[in-house]
Amino acid sequence: SSGINAEWPLRPGEHLNKPPFNKNFNMITFDKLEPLQVLQVLNDVFTYIDDKNRKDLREELPEEMATRMLKFLSLLNYRPEVTLEEFQTGIITGDRFIVQATLYWILPRVEQLKTRAYLGKYLVKIDVPEEILQDDEVEKLHEEYLEYLEQFKEVHKATEALKSHTYTTADLKKDISKMETEYEQIVKNIDRKKVKVESLENLEDMMEAVTELRKEQERQDSFKEQKLSIRASIQTADTQSNRLMHQLRELRSTSGNLTVQTLMQRLEDEYSTIKRMVESTLPHEIEQKRKKYRLRLCVDTTA
């Protein structure tokens, strides 16, 4: 007896009938397998996890097979529910319930175990006796070996993270196809707009009007700058006017030869000169702005 309940409802065939194994078992056919055939099924699962297990069990000695399988299961961190002696005997003899229990544990997590087996080959530390490590050269090599193990862990971790964030070929092809479709749609839209524009009457006149509108917009920007400059000039003129009025008051109090009328006339002349200089630009700019507005209204109405 293997120590496992024969009534335990194990159904490894349900997993084995699916990829990647693609067997064709049912409860009857699986139960009719000979012990060596059951072991071969277990070994086929081992082979999928790690190809080094690829063996024809008819050509392998039972003791060697049991040692290899036990070592591999230990690498996978499998803990049987029977004693080690019972488990080893069950593997050698092809005990159906020992094998089924093993398959029952392996099959649902086969991909996870595949990764574990791959890593285990590199991460199982070599047990070096302390007396051998007393040699300086051996100790140095052992330290380098441990450093390489840590580097391998980091590289593998980074690789797995990269895989999880990398587009598959199918994703890239799908994105490219989508971009090409969008590009074709844009080209079609451009062609339709081009035909529509070229079919408009007075296209050349409209293009000329648009050009003039753009120029007027540039003039408007320039006008805004000039407007600010004019405001600054007006402020300067007011300042000068205030200064002249102050001078007038001083002259009134200090000069007896100049009459009030003469002083006022001088002040008015200077102020008028400044005012004419400031205001001479405004009517021209206002007229330009009106022309631009009429041109834009014409273009909008035509469109």
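The values are calculated or read from the model by the stated rules, or taken from the named source; none is laboratory data. Being a predicted model, the structure only gives us computed values, none of them experimental. Heads up, the Cβs are rebuilt from the backbone with ideal geometry, glycines too, and the neighbour counts pull from every protein chain shown. Ligands, DNA and RNA are excluded from the accessible area calculation, which covers all protein heavy atoms including side chains. Shrake-Rupley method; radii C 1.70, N 1.55, O 1.52, S 1.80 Å.
Observations, loosely collected:
- Pairs beyond 20 Å (Cα-Cα), from Lys121/Lys157; Lys71/Lys157; Lys18/Lys114; Lys52/Lys157: Lys71/Lys157; Lys52/Lys157
- Sequence-distant residues sharing a close amide H with Gly94 (under 5 Å, placed H): none
- Rg over Rh [alpha-carbon atoms, Kirkwood Rh] for the range 41-158: 1.06
- Exposure rank, largest accessible area first [Thr181, Thr102; 1.4 Å]: Thr181, Thr102
- Cα gyration tensor category, rounded, prolate or oblate, for the range 18-106 with a/c compared to 1.5: rounded
- Rounded accessible area of Leu119 (nearest 10 Å², 1.4 Å probe): 40
- The modelled label-to-label distance for the pair Gln217/Glu184, using points 7 Å beyond Cα in the direction of Cβ, is 3.5 nm.
- Per-residue SASA entry for His156, accessible area with 1.4 Å probe, Å² rounded to 10: 40
- Dipole orientation for the range 50-95: of the candidates Thr83, Leu73, Leu61, Leu73 has the Cα lying most toward the positive pole (charges on Cβ; Lys, Arg +1; Asp, Glu -1).
- Rounded to the nearest 10 Å², the accessible area of Met179 at probe 1.4 Å: 130
- Remark: accessible surface ordering of Val45, Val124 (largest first) is Val124, Val45, probe radius 1.4 Å.
- Put Lys215, Lys157 in order of accessible area, highest first, and with a 1.4 Å probe you get Lys157, Lys215.
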